[in-house]
Amino acid sequence: MASDTLAHEHDVAHTNEGGSWKGGSEPFKASYGKLMMWYFLLSDAFTFAGFLIAYGTLRFSVPTWPVPDFVFSTFPGGFHHKPLLFVTVMTFILLASSFTMVRAVQEGHRENQGGVVKWMLWTIIGGIAFLGCQAWEWNTLMGVEHMTIKQNPFGTHTESGVYLMGDGHDIKEGDKFVAGQSYLIHQHDGAFAPLQYKVTEGPNAGMVKEQQMGPKAFGALFFFITGFHGFHVLSGVAFLIIICLNSATGLYIKRKNGYEMVEKIGLYWHFVDLVWVFVFLCFYLL
Amino acid sequence: MSHLSYEQSKSLATKTIIILAVITVAEVLFALLGKGYIVEGLHFPLFLMGSVMIVMSIVKAYLIIYEFMHMKYEVPGLVKTVLLPTLLLVWAVIAFLSEGNYWNTSRSAVKNDVKIELSDTSKK
């Protein structure tokens, strides 16, 4: 029995260059680089999961949370009240770049250099477009709406009521609102100007109150999680450019391994898209 | 490696991206529908919204991992070593969300007590 196993192992070692103990075998029929890319992505998935679980925990720990389709409702060109439209566009850009990446890998498998370079260039353009969108989104949140990692002007009403003053933007004096509705506290002359309102329902009916800033953690979580994802996109674009240049100069033709490098960066790029599915779910849909 | 011909895998990729795009649009429309943006006054319960969104996202994740990342064509050992550890996250999500919920209830209990004291002192 034991000698059988040994003989078998000996055969396997023979079929691989250098033998098992010299790194010749390919466990799981995947090359070292590809296998390690999978394990790197697994560990990265845990990092992102840690972030998103922290988001969920903090969100559950406070009575109110900014409503996403109120917070993310601006669109380039001065459009407002377009809930989730812009992030849907961003999602589509990333999905499209994932598709072009699949095409680049497929062209690599049949050793078609022109095809690989063409589809990788499209992927790079998609990645840069996504980063551009994210830059616009961040700029709107920080520059126009004054949300930072330390302050969050997006609050949510816990009681129904009526506004006693307007803010010169969307809210006018006498506007009614219900519990669960989110609002944005605008800045006037560099300071936040919360509006006063009268509670109309519940045990506090008749009381005059002032808008409160939203949960502080929202800003920090948003910028850290989308920032960490954006950093992955940025480094992905950098690696895509390097590998695209290497493909264009013919480096991978010599290796004769079906452009495996393109396949590996492809795995990473799809993972970035995969993470976005869950960032999109936690921040924008739920 | 894939046993499909070049043409087959090309059409499979096109099919997958179309399904992914359709699910994304469905998610966004469902989110807006459930919150009363499309039909005035229509609101779905949060539990329904959450579970439908999570299921649709998991379908998207499956398509990306199995079709785009070619997990479908890897040997079972590789699939298990990569996917099984992520099951730990199921525990983590349940444990941490219930912990967050506990913070919320205990925090609101404390807040109510303080409120009574504050309303006395604020009249000075």
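Rule-based calculations on the coordinates, nothing more; no lab input. As the structure is a computational prediction, the values presented were derived from the model and not from experiment. Cβ sites come from the backbone with ideal geometry, for glycine too, and all protein chains shown count toward neighbours.
Couple of notes before you dig in:
- Across the range B:98-109, coupling constants 3J(HN,Hα) worked out from phi with the 6.51/-1.76/1.60 Karplus curve, θ = phi - 60°, read 5, 5, x, 4, 5, 4, 4, 5, 5, 5, 5, 5 Hz, and Gly and Pro carry x.
- Straight-distance crosslink candidates among lysines, where the alpha carbon sits under 21 Å from residue B:10 and sequence neighbours closer than 8 are dropped: A:118, A:264, B:60, B:72
- ³J(HN,Hα), Karplus 6.51/-1.76/1.60, whole Hz, each residue of the range A:212-227, x for Gly, Pro: 9, 5, x, x, 4, 4, 4, x, 4, 5, 4, 5, 6, 6, 5, x
- Under the simplified labelling scheme, the residue A:129-residue B:6 pair shows an inter-label distance of 2.6 nm, with each label point 7 Å from Cα along Cα→Cβ.
- Within chain B, helix-based [θ] at 222 nm, where runs of 4 or more DSSP H residues each add -39,500 (n - 2.57), nearest 500: -25000 deg cm²/dmol
- Residue order, fewest to most surrounding Cβ atoms within 10 angstrom, among B:24, B:81: B:81, B:24
- Long-range HN-HN contacts of residue A:164 with modeled amide H, under 5 Å: A:174, A:196, A:197, A:198
- Farthest toward the positive end of the dipole of the protein assembly as shown, out of A:95, A:49, A:105, is the Cα of A:105, where the dipole comes from beta carbon charges about the Cα centre.
- Sum of -39500 (n - 2.57) over DSSP H runs of 4+, divided by residues of chain A (222 nm, nearest 500): -18500 deg cm²/dmol
- Scanning chain A for GluC sites (Glu not before Pro) that sit in a DSSP loop and have at most 14 other Cβ atoms within 10 Å, the longest stretch containing none of them is A:18-110.
- Converting phi to 3J(HN,Hα) with the Karplus coefficients 6.51, -1.76 and 1.60 and the offset θ = phi - 60°, the range A:147-163 yields 8, 10, 6, 10, 9, 9, x, 8, x, 9, 6, 9, 9, 7, x, 9, 6 Hz in sequence order, with x at every glycine or proline.
- The distance from the alpha carbon centre of the range B:10-29 to that of the range A:218-260 is 23 Å, rounded to a whole number.
- With all projection directions averaged, the alpha carbon convex hull of chain B covers 12.9 nm².
- Take each residue of peptide B:25-31, count the partner chain Cβ atoms within 10 Å of its Cβ, and average: the result is 5.
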